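The values are calculated or read from the model by the stated rules, or taken from the named source; none is laboratory data. Remember, predicted model here, so these are calculated numbers, not experimental data. Positions of Cβ are backbone-derived with ideal geometry, glycine not excepted, and every protein chain shown enters the neighbour counts. Heads up: the accessible areas ignore ligands, DNA and RNA and are worked out on the full protein's heavy atoms, side chains in. Shrake-Rupley method; radii C 1.70, N 1.55, O 1.52, S 1.80 Å.
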Amino acid sequence: MSDCLFCKIAAGEIPAEKVYEDDDVIAFNDINPQAPTHVLIIPKSHIATTNDIAPEDEKVVGKLLTTAAKIAKDRGIDASGYRSVMNCNADAGQMVFHVHLHMLGGRKMSWPPG
Ligand code: 5GP
Ligand code: ZN
């Protein structure tokens with residue numbers, strides 16, 4: 001998608017603080033972090049919302065979570081815990097319409113979310 005911010009980050013056309021990359025996914029620091037660790041993990045392929053995840057995307061979407069666990073382990077917050085969030089559409093506050101997993105950690109989180 002030529003007009004998508006996260007496609008541009010995945011293509012290296014817009015800079016980001018990359019923390020992990022492989023053939024399928026890329027992870028980078030959120031520009032407006034809400035926790036000491038706030039990483040966005042995205043599929044390199046464009047998927048607009050979680051409503052648009054097709055059966056053939058299930059593997060890469062699962063990889064968003066295994067990548068979150070890998071980053072948590074690298075940072076030593078796997079045991080203390082972290083939160084994985086995927087916002088979908090307006091009521092959840094989705095701002096960027098390319099599926100992304102927020103991985104937040106390094107502080108105690110409250111529940112329920114706002
Ligand atoms: P959403 O509300 O769509 O779930 O989350 C979008 C996230 O993307 C927000 O947390 C926001 O801070 C982050 N974000 C928006 N623009 C940029 C950008 O240009 N670079 C980075 N690294 N993060 C961004
Ligand atoms: Zn995109």
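Key figures for this structure:
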{"item": "Only listed residue being on the phi < 0 side of the Ramachandran plot, open to solvent by 40 Å² or more (accessible area, probe 1.4 Å) and part of a strand (DSSP E or B), chosen from Arg107, Arg83", "result": "Arg83"}
{"item": "Any hit, region 40-60, residues being in contact with a Gly (Cβ under 9 Å, 6 or more places away or on another chain) and not hydrophobic (A, V, I, L, M, F, W, C)", "result": "no"}
{"item": "Selection status of Val99, within 16 Å of ligand 2 (Cβ to nearest atom) and part of a loop (DSSP other than H, G, I, E, B)", "result": "yes"}
{"item": "Among residues of region 1-48, those that are at pLDDT below 95 and either hydroxyl-bearing (Ser, Thr, Tyr) or within 21 Å of Asp74 (Cα to Cα) (or both), counted", "result": "1"}
{"item": "Failed item in (1) away from ligand 1 (no atom under 12 Å from the Cβ); (2) in contact with a strand residue (DSSP E or B) (Cβ under 9 Å, 6 or more places away or on another chain); (3) open to solvent by 50 Å² or more (accessible area, probe 1.4 Å), with Ala72 passing the rest", "result": "(3)"}
{"item": "Residue satisfying condition, being within 14 Å of ligand 2 (Cβ to nearest atom) and either under 28 Å from Arg107 (Cβ atoms) or within 12 Å of the chain's Cα centre (by Cα) (or both), within set Ala48, Ala16", "result": "Ala16"}
{"item": "Phe28 vs. criteria open to solvent by less than 20 Å² (accessible area, probe 1.4 Å) and in a helix (DSSP H, G or I)", "result": "no"}
{"item": "Glu58 part of a loop (DSSP other than H, G, I, E, B), surrounded by fewer than 11 Cβ atoms within 10 Å (Cβ to Cβ), free of Cβ contacts under 8 Å to residues at least 12 places away in the same chain and away from ligand 2 (no atom under 11 Å from the Cβ)", "result": "no"}
{"item": "Residue match in region 44-53 (condition: among the hydroxyl-bearing types (Ser, Thr, Tyr), within 11 Å of ligand 1 (Cβ to nearest atom), surrounded by 11 or more Cβ atoms within 10 Å (Cβ to Cβ) and not in a loop (DSSP other than H, G, I, E, B))", "result": "yes"}
{"item": "Test: residue in region 1-19 that is assigned to a loop (DSSP other than H, G, I, E, B), closer than 15 Å to Val99 by Cα and hydrophobic (A, V, I, L, M, F, W, C)", "result": "yes"}
